[in-house]
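A quick write-up on the structure given underneath.
The values are calculated or read from the model by the stated rules, or taken from the named source; none is laboratory data. Here the structure is a predicted model, which means the values were calculated and not measured. Cβ placement follows ideal geometry from the backbone for every residue including glycine, while neighbour counts extend to all protein chains displayed.
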Amino acid sequence: MSLGRLQRSEWSLLVFTLVVVVALVAATATSTASFSPYNGQWHGGSELQALATDAEVESDITLDVAAYGTTPAPGTVAVVLSPTRPYAPEEAAQVERFVRRGGTLVVAEDFGPHSNTLLTDIGATSRLDGRLLVDEEAYYNSPTMPVARPDTTSSLLTGVDTFTLNHGTYVVPNDAQTLVESSEFATVVDADGSVVPTSFGPYPFVTAERIGAGTVLVVADSSALINVMLDRPGNAAFVRNVFSRHDRVLLDYSHGGPVPPVGRAVEAVQTVPTLQVAVGVACVLVVGLLTTLVGRSSVRRRFRRRAARTLAAVTSRNRTPGSLGARFRKRRETTPSQVDEAALVEQLHDHRPEWDDDRVERVARAIRELARESSVDATEQ
């Protein structure tokens, strides 16, 4: 097989390998779970991290509640979206300590039970009602997507003209301050689909409550923060305002849906120093191996080109019928795989007297290899 054909084969294998690797990474790095930061579809949560980037704020995805203890509370806002399982008492205690030390916690929920439990455990008084809220007058697309009025006196709502829910509930504020509320035409719908009589609004959509040195923000709809709803200018502006008031954003998916393998691997590397060292060493080894292989291939190609030039020079130096070069050419034309290495070594010594014996023998072997490849190519053609 010729060098050109070998290179084409290697390139084909490399391209195929890259395609397979990219497909595997895409399959193991993305998720279809709602609210997931690894889900870029309409119902995913990847846009939250993008908004943190837009606000020039450091952001981290955590799959472990322990991050509340290792992240500086002042200047950090943590976001919890509709947890699918309860926080254990010791986990809720870590979240509470984070808030009391000066952290900000955003809890977004509609109908799930675990957010209210978390709010109770950390000492917050606000609660999510859990029933659907509709508005026949102020809505976007349908009455189940009510449009709320912000309290423009709050700095969190600067530039937020409206805030839109997507099949959400409402917050029972108790001791919390209402930041966003529905119109007076909003009504509550029971589980059986019937409108509760005399249940007209306004109803709180977003509340804020001080706990210790920190703040708890409760949003009455986790879907208000999914990708498609963050296309709504008011929703995106609200999130951007919250993020920009802090130095760090902690996206807490420790109690969310399934996490793709790559996401868990990245989380493990970020939290375990020994894994960081191991990954670093592995990357260095892989780069070193690739560099060595590429270097060897380049050296082989250069050596073969030089050997070919030497072969041409040797065989053309003396073209008389009885010369050694002519005899060698004749042998190469007839039985190229059986080149007389001893005769070739002698001719190389004559042609390159400055070369030592080891170099002459290496070049002779390379020329024999070229002769064999030429023989194979001629047979294939």
Seminar exercise, completed: Within region 194-207, the residues that are surrounded by fewer than 21 Cβ atoms within 10 Å (Cβ to Cβ) and either more than 18 Å from Gly130 (Cα to Cα) or β-branched (Val, Ile, Thr) (or both) are Val195, Val196, Thr198
For this session: Scan region 50-62 and give yes if some residue there is surrounded by fewer than 20 Cβ atoms within 10 Å (Cβ to Cβ) and at positive phi, otherwise no.
Result: yes
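To keep it simple, each residue is scored yes or no on (1) in contact with a strand residue (DSSP E or B) (Cβ under 8 Å, 6 or more places away or on another chain); (2) under 17 Å from Gly212 (Cα atoms).
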site: Tyr68; (1), (2): yes, yes
site: Gly75; (1), (2): yes, yes
site: Ala78; (1), (2): yes, yes
site: Ser82; (1), (2): yes, no
site: Arg97; (1), (2): no, yes
site: Leu118; (1), (2): yes, yes
site: Arg131; (1), (2): yes, no
Problem set entry | Hits in region 63-87 - residues which are surrounded by fewer than 19 Cβ atoms within 10 Å (Cβ to Cβ) and under 18 Å from Glu109 (Cα atoms) | Thr84, Arg85, Pro86
Exercise. Within region 220-259, can you find the residues that are closer than 14 Å to Leu63 by Cα and among the aromatic types (Phe, Trp, Tyr)?
Worked result: Tyr253
For this session: Go through Thr198, Thr215 for me and flag whichever is among the polar types (S, T, N, Q) and part of a strand (DSSP E or B).
Result: Thr215
Problem set entry | First in region 151-176 and farther than 13 Å from Ala220 by Cα, second anywhere and in a loop (DSSP other than H, G, I, E, B), Cβ under 6 Å, 6 or more apart | Asn174/Thr125; Asn174/Ser126; Asp175/Thr125; Ala176/Ser126
Exercise. Of the residues Gly103, Gly130, which is buried (at least 17 other Cβ atoms within 10 Å of the Cβ), in the same structural domain as Glu56 (by TED's automatic domain parsing), touching a residue at least 24 places away in the same chain (Cβ under 8 Å) and over 30 Å from Glu56 (Cα atoms)?
Worked result: Gly130
Exercise. Does Arg85 meet the test of being in a loop (DSSP other than H, G, I, E, B) and among the basic types (Lys, Arg)?
Worked result: yes
Exercise. Which of (1) at pLDDT below 95; (2) outside any loop (DSSP other than H, G, I, E, B); (3) hydrophobic (A, V, I, L, M, F, W, C) does Val80 not meet, given it meets every other one?
Worked result: (1)
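Would you check if Leu14 is at pLDDT 65 or above, on the phi < 0 side of the Ramachandran plot, assigned to a helix (DSSP H, G or I) and among the hydrophobic types (A, V, I, L, M, F, W, C)?
no
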Exercise. Restricting attention to region 218-240, which residues are of a type outside the set (Gly, Ala, Ser) and assigned to a helix (DSSP H, G or I)?
Worked result: Leu225, Met229, Leu230, Asp231, Pro233, Asn235, Phe238, Val239, Arg240
